[in-house]
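Chemist: My questions will all concern the structure given below.
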Amino acid sequence: LYVDFLRPSRLLMIDNYPAQMSREDINQLIRGEFSRLATPQWVDPVPEKRCVYVFMSSESDAIRIVQELQGHVT
């Protein structure tokens with residue numbers, strides 16, 4: 001998974017998540033990975049594009065997530 005800004009904002013995009021993951025699985029994965037740093041306002045998987053949009057509470061939360069994960073969710 002690759003985490004990046006759509007543009008400097010509270011909205012992040014995670015691209016190319018595994019096709020076999022369900023919407024619930026990807027939602028749980030993202031919330032689990034992000035929970036130690038910040039809580040997403042909402043997580044919106046788009047299976048047909050294999051991407052996830054994540055809206056954070058603040059721009060600083062989004063910046064912290066991207067910096068901490070250095071572009072990758074494990």
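Chemist: May I ask you to rank L12, L29 by accessible area, largest first, using a 1.4 Å probe over the protein chains only?
Modeler: Sorted descending by solvent-accessible area, the residues read L29, L12.
Chemist: Just the accessible area for E48, please: 1.4 Å probe, Å², rounded to the nearest 10?
Modeler: Counting only protein heavy atoms, the figure is 150 Å².
The values are calculated or read from the model by the stated rules, or taken from the named source; none is laboratory data. In this text, all values refer to a predicted model and were calculated from it rather than measured experimentally. These accessible areas exclude ligands, DNA and RNA; they are computed on the full protein's heavy atoms, side chains included. Shrake-Rupley method; radii C 1.70, N 1.55, O 1.52, S 1.80 Å.
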